[in-house]
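K.L.:
There's a structure below that I have some questions on.
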Amino acid sequence: MFSQNLMIFYQKISREKYIIIQCPECNSTHLSKDYARAELVCADCGLVIDQDFIDHGPEWRAFDSDQREKRARVGAPMTYTIHDKGLSTMIGWKNRDSYGKSIPTRNRAQLYRLRKWQRRIRISDATERNLAFALSELDRMASGMGLPRTVRETAAMVYRKAVLKNLIRGRSIEGVSASALYAACRQCNVPRTLDEIAASSRVSRKEIGRTYRFIARELGLKLMPTSPQDYISRFCSELKLSGDVQAKAIEILKDAADKELTSGRGPTGVAAASIYISSILCGERRTQREVADVAGVTEVTIRNRYKELAERLDIDIIL
């Protein structure tokens, strides 16, 4: 009877797993687990809701991060940046056993054969070989650009979806990988220009843009246009400007957006112009050439944009 009444306060989250959401006595959601007694207790009324439950945590304790890493017995987490998702084993090239002792010379030939066959088994067909090469290319480009782990995982997912929909046929692996990386940067709000992607890849800017538009259309990727504010922190960091300059540049861009001065213009050019204006106003002047090199635009673009912003926003610039 108790178990039947208790089931009312369970919420089904899978076919075999349930989670308690509130106390059957006072309807409180403040529940605490007493691992010493193996009981689930209501923190408000003290009712013992469940008992003899299993502790799924480790049987060991760790008092710092070093102890936690040494005592953990699990492998690396699953990742989409490896073609087999990191679930297969890998025989290392160090000729040492699990105790750190050197392997005898008479057994090294057998270990060499094991490595060779293990490497062949990991990549069994052409699809896996294609995926392995593409993901390694993705990781190379992302590492060269200093992109975070989330962008790499997102780019790997975009490429895998493209493979499942057979969008790779007739296109170069490098081009699709670069376009997937560009789409991942847009999705994760870590904007990079097509010129930056092309500089890290082996394909041209035109091919990356064409492949990106095709993949975004076929996969239904809903990507918003990049905003000039997204580039401010990175450009200011590369120019070694202070936080006051960055805050002033963002303020200028907000005023420009209210007056619709940013629509229809390249975000990098508008961001570079706002940084140039704010650097002068805050007394940390940078030349147009320095800002143009960091932003990847021409000095003429910065000159046109900053004159337009200064005129429409009534900003007095003393050159």
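The values are calculated or read from the model by the stated rules, or taken from the named source; none is laboratory data. Quick caveat: nothing in here was measured; it's all calculated off a predicted structure. All Cβ positions, even for glycine, are placed from backbone atoms using ideal geometry, and neighbour counts span all protein chains on display.
K.L.:
Just name the residue that is nearest to Phe133 (Cα to Cα) out of those in segment 91-116 that are in a loop (DSSP other than H, G, I, E, B) and among the basic types (Lys, Arg).
P.N.:
Here the answer is Lys94.
K.L.:
Which condition breaks for Arg160 when tested against (1) without any contact (Cβ under 8 Å) to a residue 40 or more places away in the chain; (2) over 23 Å from Arg234 (Cβ atoms)?
P.N.:
Result: Arg160 passes all but (1).
K.L.:
Mind checking which residues of segment 40-58 are of a type in the set (A, V, I, L, M), surrounded by 12 or more Cβ atoms within 10 Å (Cβ to Cβ) and part of a strand (DSSP E or B)?
P.N.:
Answer for segment 40-58, where residues must be of a type in the set (A, V, I, L, M), surrounded by 12 or more Cβ atoms within 10 Å (Cβ to Cβ) and part of a strand (DSSP E or B): Leu40, Val41, Ile49.
K.L.:
Hey, could you check segment 186-223 for residues that are in a loop (DSSP other than H, G, I, E, B) and free of Cβ contacts under 8 Å to residues at least 24 places away in the same chain and say which is farthest from Val294 (Cα to Cα)?
P.N.:
Here the answer is Gly220.
K.L.:
Run Ala132 past the list (1) outside the structural domain of Ala184 (by TED's automatic domain parsing); (2) at pLDDT 80 or above and report the number of the one that doesn't hold.
P.N.:
Status for Ala132: all satisfied but (1).
K.L.:
Does Ala249 satisfy the criteria of being touching an Asp or Glu at 6+ places or on another chain (Cβ under 9 Å), buried (at least 22 other Cβ atoms within 10 Å of the Cβ) and modelled with pLDDT of 90 or more? Walk me through it before giving the result.
P.N.:
Numbers: touching an Asp or Glu at 6+ places or on another chain (Cβ under 9 Å): no; buried (at least 22 other Cβ atoms within 10 Å of the Cβ): yes; modelled with pLDDT of 90 or more: yes.
No: the conditions fail for Ala249.
K.L.:
I'm trying to understand the selection: among the residues of segment 237-274, which are β-branched (Val, Ile, Thr), under 15 Å from Glu308 (Cβ atoms), out of contact with any Lys or Arg (no Cβ under 7 Å at 6 or more places or on another chain) and part of a helix (DSSP H, G or I)?
P.N.:
Ile252
K.L.:
Just one of Arg61, Arg37 is part of a loop (DSSP other than H, G, I, E, B), assigned by TED's automatic domain parsing to the domain that holds Cys23, among the charged types (D, E, K, R) and exposed (fewer than 13 other Cβ atoms within 10 Å of the Cβ); which is it? Working first, answer last.
P.N.:
Values: Arg61 fails: assigned by TED's automatic domain parsing to the domain that holds Cys23.
Just one listed residue meets the conditions, Arg37.
K.L.:
Residue under question is Ala273, and the condition is that it be within 28 Å of the chain's Cα centre (by Cα) and modelled with pLDDT of 90 or more; does it hold?
P.N.:
Against the criterion (within 28 Å of the chain's Cα centre (by Cα) and modelled with pLDDT of 90 or more), Ala273 does not qualify.
K.L.:
Which of the residues belonging to segment 252-263 are more than 27 Å from the chain's Cα centre (by Cα), buried (at least 21 other Cβ atoms within 10 Å of the Cβ) and of a type outside the set (Val, Ile, Thr)?
P.N.:
Ala256
Results for (1) free of Cβ contacts under 8 Å to residues at least 40 places away in the same chain; (2) outside any helix (DSSP H, G or I); (3) among the aliphatic types (A, V, I, L, M), shown as yes or no for each residue.
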site	(1), (2), (3)
Ile82	no, yes, yes
Thr89	yes, yes, no
Ala142	yes, no, yes
Ala156	no, no, yes
Ile168	yes, yes, yes
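K.L.:
In addition: Can you work out which of the residues in segment 275-311 that are basic (Lys, Arg) and in a helix (DSSP H, G or I) is farthest from Arg205 (Cα to Cα)? Walk me through it before giving the result.
P.N.:
To start, the set of residues in segment 275-311 that are basic (Lys, Arg) comprises 285-286, 289, 303, 305, 307.
Cutting the leftovers down to in a helix (DSSP H, G or I) gives us 289, 303, 305, 307.
Working: Arg289: 23, Arg303: 25, Arg305: 24, Lys307: 29 Å.
The residue in question is Lys307.
K.L.:
Collect the residues in segment 278-303 that are under 18 Å from Ala257 (Cβ atoms) and surrounded by fewer than 24 Cβ atoms within 10 Å (Cβ to Cβ), keeping them in residue-number order.
P.N.:
Once the filter is applied, which keeps residues that are under 18 Å from Ala257 (Cβ atoms) and surrounded by fewer than 24 Cβ atoms within 10 Å (Cβ to Cβ), segment 278-303 yields nothing.
K.L.:
Follow-up question, since we're still on this one. Looking only at residues that are of a type outside the set (D, E, K, R) and within 19 Å of the chain's Cα centre (by Cα) in segment 230-241, which one is nearest to Ala183 (Cα to Cα)? Walk me through it before giving the result.
P.N.:
At the first step, the residues of segment 230-241 found to be of a type outside the set (D, E, K, R) are 231-233, 235-237, 239, 241.
Still in the list and also within 19 Å of the chain's Cα centre (by Cα): 231, 233.
Numbers: Tyr231: 16, Ser233: 20 Å.
For segment 230-241, the residue satisfying everything is Tyr231.
One line per residue, one yes/no per condition, for (1) in contact with a Pro (Cβ under 6 Å, 6 or more places away or on another chain); (2) surrounded by fewer than 12 Cβ atoms within 10 Å (Cβ to Cβ); (3) closer than 30 Å to Thr154 by Cβ; (4) among the aromatic types (Phe, Trp, Tyr):
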position	(1), (2), (3), (4)
Lys70	no, yes, no, no
Thr79	no, no, yes, no
Gly92	no, yes, yes, no
Arg96	no, yes, no, no
Ser102	no, yes, no, no
Arg106	no, yes, no, no
Ala109	no, yes, no, no
Gln118	no, no, yes, no
Ile121	no, yes, yes, no
